[in-house]
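The values are calculated or read from the model by the stated rules, or taken from the named source; none is laboratory data. Since the model is a prediction, treat every value here as computed from it, not as a measurement. Reconstructed Cβ throughout: ideal geometry from the backbone, glycine too, with neighbour counts over all protein chains shown. To get the accessible areas, we keep the full protein, side chains included, count just its heavy atoms, and leave off ligands, DNA and RNA. Shrake-Rupley method; radii C 1.70, N 1.55, O 1.52, S 1.80 Å.
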Amino acid sequence: YSTQRGDLAVTYDLGPVTLEGGFRHDVTDRTFRETEQTTENAVRLAADFRPLKWVAVRTSYERGNRDYDHYNPERAEDASFVVPGPLTNLPELRRYDQAAKNLDRISALVQMTPFDGNLGVTLHFLQSADDYDDKSDFGLLKSESRSWTVETDYAPADRWSVYAFYSNESYDTFQRGRQSGATPSTNPLDDWTARIQDDVGSIGIGGTYAITARA
């Protein structure tokens, strides 16, 4: 596969506040997959401001969609066989990395550097939602994620510094499938759904110390 991305951003400075508007266009070309090409377009709005000299805040919102040129469910299965057999996956199945979807992203970043910059504290929040339900009957239909991170670093001298962080991530997905035997089932009574929720917490500490030697 190969990917191409174009990104356009326009900013306007209002003194303590900087506004940004942007547009991105992503194209992915694939071989031996169900789609030959997918395109993703998104617009974003962002703002940067400094309520205090030692505090910087950035917020952004992005909304977009992804679509494909065409979707051939037999293409990936047949690609590796000289004489392909019958289709084993559901013809209506759409793989999540190629399926059409609507997307929303919200993020906020706060950086604080009090005490002449020796101490730094960073807060980051990200929430995203992907909706595949409009054009997908089977596979991943909805996906939501949320994460927040607190990180601090302390560098009282040039030779050494320490840091610590905590991050929490939560995921909520909904998918639909159909139980089949040797051939894909056409009976809606064989449908099943699954909602999966995951919560992940990460914590870390570290430091650096520079050692110099004289000849």
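Listed values, structure above:
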{"item": "Subset of the stretch 8-37 that is of a type outside the set (Val, Ile, Thr), more than 17 Å from Arg63 (Cβ to Cβ) and in contact (Cβ under 8 Å) with a residue 40 or more places away in the chain - its residue that is least open to solvent (accessible area, probe 1.4 Å)", "result": "Glu34"}
{"item": "Residues that are hydrophobic (A, V, I, L, M, F, W, C) and either open to solvent by 70 Å² or more (accessible area, probe 1.4 Å) or outside any strand (DSSP E or B) (or both), drawn from the stretch 175-215", "result": "Ala182, Leu189, Trp192, Ile196, Ile203, Ile205, Ala210, Ile211, Ala213, Ala215"}
{"item": "Residue among Asp7, Asp104, Asp116 that alone is farther than 26 Å from Phe174 by Cα, of a type in the set (Asp, Glu) and modelled with pLDDT of 95 or more", "result": "Asp7"}
{"item": "Residue within the stretch 136-148 that is over 30 Å from Glu92 (Cα atoms), surrounded by 10 or more Cβ atoms within 10 Å (Cβ to Cβ) and under 21 Å from the mean Cα position of the chain (by Cα) present", "result": "yes"}
{"item": "Criterion: open to solvent by less than 40 Å² (accessible area, probe 1.4 Å), touching a residue at least 40 places away in the same chain (Cβ under 8 Å) and farther than 23 Å from Asp26 by Cα - qualifying residue of Val121, Val110", "result": "Val110"}
